[in-house]
1. Name the residues in the range 206-229 that are open to solvent by less than 50 Å² (accessible area, probe 1.4 Å) and either touching a Leu at 6+ places or on another chain (Cβ under 6 Å) or not hydrophobic (A, V, I, L, M, F, W, C) (or both), would you?
2. Of the residues ASP150, ASP122, which single one is within 21 Å of VAL194 (Cα to Cα) and free of Cβ contacts under 8 Å to residues at least 24 places away in the same chain?
3. Conditions: (1) part of a helix (DSSP H, G or I); (2) open to solvent by 50 Å² or more (accessible area, probe 1.4 Å); (3) in contact (Cβ under 8 Å) with a residue 40 or more places away in the chain. ALA41 meets all but one. Number of the miss?
4. I need the full set of residues from the range 297-315 which are assigned to a loop (DSSP other than H, G, I, E, B) and surrounded by fewer than 19 Cβ atoms within 10 Å (Cβ to Cβ), in order please.
5. Could you grab me the full set of residues in the range 6-38 that are open to solvent by less than 40 Å² (accessible area, probe 1.4 Å) and over 27 Å from the mean Cα position of the chain (by Cα)?
6. Determine which member of the set PRO12, PRO72 is closer than 23 Å to ASN282 by Cβ and either aromatic (Phe, Trp, Tyr) or in a loop (DSSP other than H, G, I, E, B) (or both).
7. Those residues that are of a type in the set (D, E, K, R) and in contact (Cβ under 8 Å) with a residue 60 or more places away in the chain, I need them from the range 44-69; list them, please.
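The values are calculated or read from the model by the stated rules, or taken from the named source; none is laboratory data. Every value quoted in this text rests on a predicted model; they were computed, and no experiment measured them. Methodologically, a virtual Cβ is constructed for each residue, glycine included, from the backbone with ideal geometry; neighbour enumeration extends over all protein chains shown. Please note that ligands, DNA and RNA were not included when accessible areas were found on the heavy atoms of the full protein model with its side chains. Shrake-Rupley method; radii C 1.70, N 1.55, O 1.52, S 1.80 Å.
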Amino acid sequence: MIDLRSDTLTRPTGAMRRAMLEAPVGDDVYGEDPSVNEFEAQVAELFGQQAGLFCATGSLANLLGIWSLVRPGDEVLCDAQAHIVRAELGAHAALHGITTRTWTSTEGTTTAANLAPLVAPDNGPFLVRTTAIEVENTHNFGGGTVWGLDDLTGVSEMAADGGLGRHLDGARIWNAHVATGVALQSYGTLFDTVSVCFSKGLGAPVGSMLLSDADTIARARVHRKRLGGGWRQAGMLAAGAKYAVEHHVERLADDHTAARAFAEQVALAAPGSCDPDRVQTNIVVVDTGSRAAGEVVKELANQGVALSVVGARAVRAVTHLDVTTQDCAAAGQALGSLLA
């Protein structure tokens with residue numbers, strides 16, 4: 001099976017497993033795990049933030065980040081296809097009483113000029129008040145698209161000028177960094193809170209991190225425990241994530257090449273289903289035309305290729321370190337032939 005459902009499917013390498021086994025550990029709820037403490041400081045410095053909080057999942061890191069910026073009953077603005085509204089099971093509303101209002105974009109990115117009219121200031125007891133803006137870079141359901149730094153800076157400055165909190169869902173920020181050459185710190189310092197993931201393209205088995213100022217992280221650490229997210233000898237997991245950050249970032253370029261190879265083969269057989277020139281990172285969203293996406297995925301699985309359904313007429317392929325460029329080209333050829 002060539003499994004392109006997600007880059008979360010990666011398995012730890014032998015060297016990563018050895019690093020995990022050899023990690024010094026302690027009780028992280030007591031703040032005594034040396035591997036976790038070292039890793040939190042390391043990643044915070046990479047992104048120009050004061051402190052970090054190692055979490056089990058990206059959804060938890062996002063939940064804590066937005067909770068720290070938005071009060072119950074207030075709203076966060078985000079893209080209509082954002083992970084926080086499509087793939088986190090309504091947690092921000094269900095657990096924290098936070099509402100969302102969305103903008104529509106073609107590929108997940110926009111400009112400050114488009115967003116400014118959406119911001120609702122405090123208008124008394126009649127309208128929900130906007131207190132934060134969330135952006136996702138790279139944008140998952142937009143097809144792994146990367147925000148341009150100028151647009152990202154414009155949105156950040158507009159939000160700051162309006163007194164709004166700013167959260168970056170940077171689950172795949174590593175891919176944006178490799179694709180553009182923009183420094184991680186240049187992304188991180190534009191936001192009040194940042195979530196980053198280690199268990200997607202970087203290939204760690206578990207882990208994400210929330211980054212922010214020291215006071216916000218201290219508050220989030222308490223709330224993580226309240227949500228059941230405190231853990232004990234988590235240093236073994238931190239060691240795997242640390243290995244991924246130190247050894248697997250630059251190789252993401254290989255995943256981007258593999259995604260382009262996949263898209264080229266699809267477009268060759270089924271023109272118009274996707275545009276290889278718009279593939280920026282490791283995600284390809286393909287229009288299945290008149291075919292139901294679920295039907296396409298089922299037929300492809302019978303041919304040894306696994307993709308995800310992301311819309312009634314849209315499927316997604318995500319490349320990662322456990323598949324080769326040749327695998328991805330073959331998978332694209334299979335999908336293209338089916339759509340043709």
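1. VAL206, GLY207, SER208, LEU210, SER212, THR216, ILE217, ALA220, HIS223, ARG224, GLY229
2. ASP150
3. Answer for ALA41: the failing condition is (3).
4. Listed by number, the residues that qualify are GLN303, GLY304, ALA312, ARG313.
5. Selection gives GLY26, ASP27.
6. Exactly one residue qualifies, and that residue is PRO12.
7. none
One line per residue, one yes/no per condition, for (1) hydroxyl-bearing (Ser, Thr, Tyr); (2) in a loop (DSSP other than H, G, I, E, B); (3) crowded, with 20+ Cβ neighbours inside 10 Å:
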{"position": "TRP231", "(1), (2), (3)": "no, yes, no"}
{"position": "ASP255", "(1), (2), (3)": "no, no, yes"}
{"position": "ALA258", "(1), (2), (3)": "no, no, yes"}
{"position": "PRO271", "(1), (2), (3)": "no, yes, no"}
{"position": "GLN280", "(1), (2), (3)": "no, yes, yes"}
{"position": "ARG291", "(1), (2), (3)": "no, yes, no"}
{"position": "GLU295", "(1), (2), (3)": "no, no, no"}
{"position": "ALA317", "(1), (2), (3)": "no, no, yes"}
{"position": "LEU335", "(1), (2), (3)": "no, no, yes"}
